[in-house]
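Heads up: the structure comes next, in structure tokens.
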Amino acid sequence: MKTALIAGLAVLLVLSAGIVLLLTLAPEAAEPEPSPTPAETVELIRESADNVTGVTFTPKSGRQFGIQYADSAYTLSFPGALFPGNVTLLRAAFNHAINLPGVTVVTENADDDQLALFGLTSPETRWRLQYADGTSAEFLIGVRSATGTGRYACRSGERTVFLLTSAQSESLTQSAEDYYDLTFLKVPGVTEESPAWSQITAFVLEKSGETYEVMRRTDLEIEGMPIETSRYHLTSPREAECNDYNIENILMTPAADIAPSGIVEENPADLSVYGLDEPARLTLTGADGWTGTILIGDFDSERAGRYVMMEGIPCVLLDTAGSYAFLDAGYADLRTSQIWIYDITEVSGVTFELDGTTRELTFEHHEDATLRGFLDGTEMTGADETGETNARRLYVAALRVMHDGGTDAEIPSGEPEYRLTMSFVDGRDKDVVELYPLGARQYLIVRNGENLGLYITWTSLREKLLNRFALLDEGKDLPRL
């Protein structure tokens, strides 16, 4: 009796295992169900890349595409290709196509109904391997399994059905467009130490009738230039030293990361639908001489992405990951806060016209790089015997007159309320900064007669200059700025 019971339980366990295996391997359709053999893992294909010159794949659309492999390079080739292939995805697809280990045998002798059930009579994709000797081999990929763990496959003309892994299935059933490389900036040698943004040598943004042009200086250009020269400089809308931190974070990094996520429409008939009839234009130049322009349109809140086009390619793309905050960046955000930048060794003096009075700071330079400072003709004194510290700190205060923001205001009529004039040891033309009142205790900054489109507030002016003269007049030392 006990022996019979044990035998019955064993039969029940075997039947249960068979049911579980059947449910795991069965495709999404419920009828008819194939009768799989006991699951075993085998190699469907294993080829050396050296023996395969290329692979082609044909989706249900019937249009054939190819991945070529030569000289250790992978390229996507097919009629009417709009974009180059994504090397990472092409490599993965090529290697999966020639190397499919770890696939599960579902059945070794499927009938016609079973092949149809597995989607292998009208496959999702056909893959053909082209060998160096002129021969070829083909395999088919069908529907996804009921559990979604992978897709069914078989060799062309054969009836043994295999179940691919999820990774294999995903790599081998993408559309040709899925293999596109939609990365905008093309620069070689990108590493953690040399990211793509650091290789942008020119950034030109045309938006709303304005042009912002930022150029990256070379190490040779920076050598010998004034102290605190920026790595980047603006050439439009005005010449200026840049705020390097803002340039790298607001402009360069987001620009380098532009990589649209997919295609919206090829050969669009109406660009106004996407805001691309009058787009913003971003042109980048890379260190290797590469240059390209991307057209930037509207933001689609439903798709949570921005419409863009690469100039010269009639295809609307959607970027769902990129940051386009640079579209809102202004001149004052990008340039350095300092109005002028000079090494003190170049300067013979600074004239301050403040609150209706004129104060003169002049320098006497010595070969040992020390200097004597004179305020209104009297040698400066202070905590050190020569007064050099106070002279340098007053000069730095003048040097670091910084703007507080941008403004569209025109130069007001009348005279400025404040004027700073810098004179130079070599006798070059003086550099003059004038401050015109705008109201609300703001002053328009004009340098050598040019409206810089910037303003400074009364609070900044007092902190930088007026309070320091008060301290010197009281015989006190100046603090560090």
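The values are calculated or read from the model by the stated rules, or taken from the named source; none is laboratory data. The model shown is predicted, which means the values in this text are computed figures rather than measured ones. Glycine gets a Cβ as well: all are built from the backbone with ideal geometry, and neighbour counts include every protein chain shown.
A few comments on the model shown:
- Of the helices (runs of 4 or more DSSP H) entirely within region 162-260, those holding at least 2 residues that are surrounded by 20 or more Cβ atoms within 10 Å (Cβ to Cβ) and not basic (Lys, Arg) occupy 166-172, 253-256.
- Verdict on Glu265 being over 25 Å from Ala321 (Cα atoms), outside any loop (DSSP other than H, G, I, E, B), in contact (Cβ under 8 Å) with a residue 40 or more places away in the chain and in contact with a strand residue (DSSP E or B) (Cβ under 7 Å, 6 or more places away or on another chain): no
- Candidate set: region 58-99, residues that are in a loop (DSSP other than H, G, I, E, B) and without any contact (Cβ under 8 Å) to a residue 12 or more places away in the chain; chosen: the one farthest from Glu177 (Cα to Cα): Asp71
- Residue within region 296-303 that is among the hydrophobic types (A, V, I, L, M, F, W, C), farther than 23 Å from His233 by Cβ and under 16 Å from the mean Cα position of the chain (by Cα) present: yes
Matching residues to (1) touching a helix residue (DSSP H, G or I) at 6+ places or on another chain (Cβ under 6 Å); (2) of a type in the set (A, V, I, L, M); (3) farther than 18 Å from Ser61 by Cα:
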| position | (1), (2), (3) |
| --- | --- |
| Ser122 | no, no, no |
| Arg126 | no, no, no |
| Glu138 | no, no, no |
| Val143 | no, yes, no |
| Arg151 | yes, no, yes |
| Cys154 | no, no, yes |
| Gly157 | no, no, yes |
| Thr160 | no, no, yes |
| Ala167 | no, yes, yes |
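- Residue list for region 304-339, filter: more than 18 Å from the chain's Cα centre (by Cα) and free of Cβ contacts under 8 Å to residues at least 24 places away in the same chain: Gly312
- When region 340-360 is filtered for residues that are assigned to a strand (DSSP E or B) and touching a residue at least 12 places away in the same chain (Cβ under 8 Å), the ones remaining, listed by number, are Val347, Ser348, Gly349, Val350, Thr351, Phe352, Glu353, Leu354, Arg359, Glu360.
- In region 151-161, residue nearest to the chain's Cα centre (by Cα) [restricted to those that are assigned to a loop (DSSP other than H, G, I, E, B) and not acidic (Asp, Glu)]: Ser156
- Look at (1) surrounded by 20 or more Cβ atoms within 10 Å (Cβ to Cβ); (2) more than 42 Å from the chain's Cα centre (by Cα) and you find that Ala470 fails only one, number (1).
- Complete set of residues in region 358-377 that are modelled with pLDDT of 90 or more and among the β-branched types (Val, Ile, Thr): Thr358, Thr362
- Residue among Phe363, Phe374 that alone is over 30 Å from Tyr232 (Cα atoms) and without any contact (Cβ under 8 Å) to a residue 24 or more places away in the chain: Phe374
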